Amino acid sequence: MTDSPEQEYDPGDVAVIGMSLRAPGARTKEQFWDVLVHGRETVSFLAKEDIHVDETLIHNPSYVRACGVLDTYDRFDPSVFGISDRMAAAMTPENRLYLESAWESLEDGGYDPDRLTAEIGMYGANNPQTAALYSSPPDRASVGPEAIEASLAWSPDSMTSNALYYMGLTGEAVTVAAVCAGFHYAVHLACQSLLLGQSDMAIAGGAMVRLPHPRGHLWEENRILSKDGHCRPFDANGTGSALSSGVVTLLLKPLGRAVADRDHVYAVVRGSAVNNNGVSAMAYGLAQPERLSACIAAAMEVGGVSPDTVSMYEANGLGLPVTDELEVHAATMAFGKQTATASIGGVKGNVGHGGVVSGGFGTVKAALALYHRTLPATINLTEVNQDLDFPSTPFVPQIEGAAWEPEAGIRRAGITSLGGGGYNAHLVLEEPPAPAGRAPEEAGRPRLATLSAMDDDALARQRTRLREWLEARPELRLDDVCFTLNLGRKVMGRRWAAVVRSREELIAALSDDARGPVASTAAAPRTDPGSFSRSDDGIVPSGQDAPALTDLAAAWVTGLQVDFDALHRDGAGRRVPLPAYPFQPRRFWRTDW
């Protein structure tokens, strides 16, 4: 990481301060990283009885029963957003998934939407075909409130504006249509908005649900879908990829502002670029090396990044020899001759081709690789395609996982995404700056930890998830955890609080058989609201000792508003990733209007 955390950050740098992902075989980004580092393939191979469509095709010898299944594609928790069941059913799967993912990204960054007064840009890509396949609304003769409400719930265009509205935010809302490069285009536009000062923070991402779901595909020679359902990036025997579904969102903020705001930073976007092949395409829909090369080079130039400092290249990597050869040729032209070597990999071998969200899978892989300083293996690569001529390129296939030790002294990654119709996009990410040094945490000082949820069951699951998270991460400081819980979570009706002096006390308090200074909505000690001082943002603690915090906890769990900013004015805490809200999804599916 960067040696000088006190540096003046480049005004063009954008921090990734929150992430959310759902992919085949991975409900969270942590599970996704586990899939990557253990080299697992999460594309499902379906039994015939599991496929309820394509009845006339499943016996065709060219029908491949492979699919990247998303197990929550038809489920949603509308209560968190104040959405009625009728509206939840009208919303397309991608609208619902994007909304929950945007919420998770904001929580992962440690921000409560109710406390934000900033302009939050919302950028997202989806697949317009999904809405049509889900169930098109009737051609109404009127545009009354019911018709408008239903059309906005269903429309692909309103995915991002719905997210702003139901999260209680204001800012720009842009829904992007750029085929399979949609995720990268959303991030590119979000970064531009941040750097122009149009947004204070931005959420950028994409959602893809292949309908009907799940289903296989027909293999056709020299097309992008795999003959056996496996994707083999850069392999001589590759025949393409399987199709998959998923959702990815990133929470973005200018890096200098993120450091000043004590945000947690996963990675830094150093540069981004997009272009289109236009009429110069060698074949409409295939990569055009000169145009793709120009796009990759432009992203590095925008970020002031020398190619020999980029030591990870996450390729589009369809696993089809002709497309892989075009991409490697283009990237080689962009990187030029260099002494350093770059790892090259492709995540489609793990999770398949996620359409508009495929670039998101690669971006989260790169961001987590930077964060963990680890290069995951590219799986299903057993016989490197000799026509790629890797020895004459700057790239070395990442056949096995390895510690990331760059020759240039800094870790940087380039991520390419391509879309049919000639769309090219490239992002350059850099490892996060080293956090500024600070004094050790004050031992034995009492802290207030808070949790809230829609109901008691969700609250109990909150406690369990936080306890398991803390047990698995002994490096987390108590002051950071309490700071994030108090200021970074939306306050809901069922509440729990504990005054603790150590991580161990908090873990014990979170257990089911907890005893000690714990208050819950169901059984909280009585307090006198008139005994507290007040600010415009609620009651304030009378002190920082255990009795004062216990009184504050009891008041908060019984419904009083607390000025948590006043509680953390010492500036000791920093935002850290903690478990997101435990949605309780139910199945919603539109069959008629």
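Surface composition of the stretch 1-123: carbon plus sulfur atoms hold 47% of the accessible area, using a 1.4 angstrom probe and ignoring ligands, DNA and RNA. In the stretch 193-346, the inverse of the mean reciprocal separation of distinct Cα atoms equals 18.1 Å; this is its Kirkwood hydrodynamic radius.
The residues of the stretch 230-387 present an accessible area of 30 Å² per residue when probed at 1.4 Å with all protein chains retained. Model label sites at Met333 and Gln584, defined 7 Å from Cα along the beta-carbon direction, differ in position by 5.7 nm. Of all DSSP beta bridges confined to the chain, the antiparallel ones make up roughly 70%.
Ellipsoid semi-axes for the stretch 369-436, based on the Cα gyration tensor and the rule √(5λ), read 24, 19, 12 Å when sorted largest first. Take each peptide in 385-393, 109-117, 249-257, 579-587, count the other Cβ atoms within 10 Å of every residue, and average; sorted highest first, the result is 249-257, 109-117, 579-587, 385-393. Cβ-Cβ distance of Thr56 and Asp592, R₀ of 25 Å, FRET efficiency by 1/(1 + (r/R0)^6): the value works out to about 0.50. Taking the average, over residues, of other Cβ atoms within 10 Å as the packing measure, peptides 195-208, 495-508 rank 195-208, 495-508 from highest down. According to the Cα-based calculation, Rg over Rh for the stretch 78-233 is 1.02, with Rh computed by the Kirkwood formula.
Computed on protein heavy atoms with a 1.4 Å probe, the accessible areas place Asp536, Asp324, Asp261, Asp551 in the order Asp536, Asp551, Asp261, Asp324, largest first. For the stretch 140-194, the Cα-based Rg and Dmax, in that order, read 13.7, 41 Å. Charge dipole of the chain (Cα centre as origin; +1 on each Lys and Arg Cβ, -1 on each Asp and Glu Cβ, all else neutral): 740 debye, rounded to the nearest 20. Largest first, the extents of the alpha carbon coordinates of the stretch 1-135 on the three principal axes equal 64, 41, 23 Å.
Within the shell of other residues whose beta carbon sits under 10 angstrom from the beta carbon of Asp77, the net charge comes to +2, with Lys and Arg scored +1 and Asp and Glu -1. For the stretch 335-433, relative contact order (Cα pairs under 8 Å, six or more residues apart, normalised by length) works out to 33 percent.
Could you tell me which GluC sites (Glu not before Pro) in the stretch 258-356 are loop residues by DSSP with no more than 13 other beta carbons within 10 angstrom of their beta carbon? Answer by residue number: there is no such site. The distance between label points at Ser151 and Asp74 comes to 2.8 nm (points 7 Å beyond Cα on the Cα→Cβ vector). Its Kirkwood hydrodynamic radius, worked out from the mean inverse distance over all distinct Cα pairs, puts the stretch 291-439 at 15.5 Å. As a length-normalised measure over Cα pairs under 8 Å and 6 or more apart, the relative contact order of the chain settles at 19 percent.
Close amide H partners of Gly121, meaning residues 5 or more places away or on another chain with modelled amide H under 5 Å apart, are Glu172, Asp200, Met201, Ala202, Ile203. The base-10 log of I(q)/I(0) for the stretch 286-379, evaluated at q = 0.10, 0.20 Å⁻¹, reads -0.26, -1.11 [Debye formula, identical scatterers on Cα atoms, solvent excluded]. As a rough guide to protection, the peptides 330-339, 418-427, 156-165, 43-52 ranked by mean Cβ packing within 10 Å, highest first, stand as 418-427, 156-165, 330-339, 43-52. The relative contact order of the stretch 291-364, computed from alpha carbon pairs under 8 Å that lie at least 6 residues apart in sequence, is 39 percent. For the stretch 320-477, the antiparallel share of DSSP beta bridges with both residues in that region comes to about 75%. Working note: Cα atoms of the stretch 262-308, range along each principal axis, descending, whole Å: 48, 21, 14. Based on the reciprocal of the average 1/r between different C-alpha atoms, the Kirkwood radius for the stretch 377-516 equals 20.0 Å.
A 1.4 Å probe run over the stretch 133-196, with the rest of the protein chains in place, finds 46 Å² accessible per residue. Considering the stretch 532-593 at the alpha-carbon level, its Rg and Dmax are found to be 18.4, 59 Å.
The values are calculated or read from the model by the stated rules, or taken from the named source; none is laboratory data. These numbers were taken from a predicted model, which means no experiment stands behind them. When we count neighbours, we look across all protein chains shown, and the Cβ atoms used for this are built from the backbone with ideal geometry, even at glycine. The accessibility values were calculated without ligands, DNA or RNA, using every heavy atom of the protein model including side chains. Shrake-Rupley method; radii C 1.70, N 1.55, O 1.52, S 1.80 Å.
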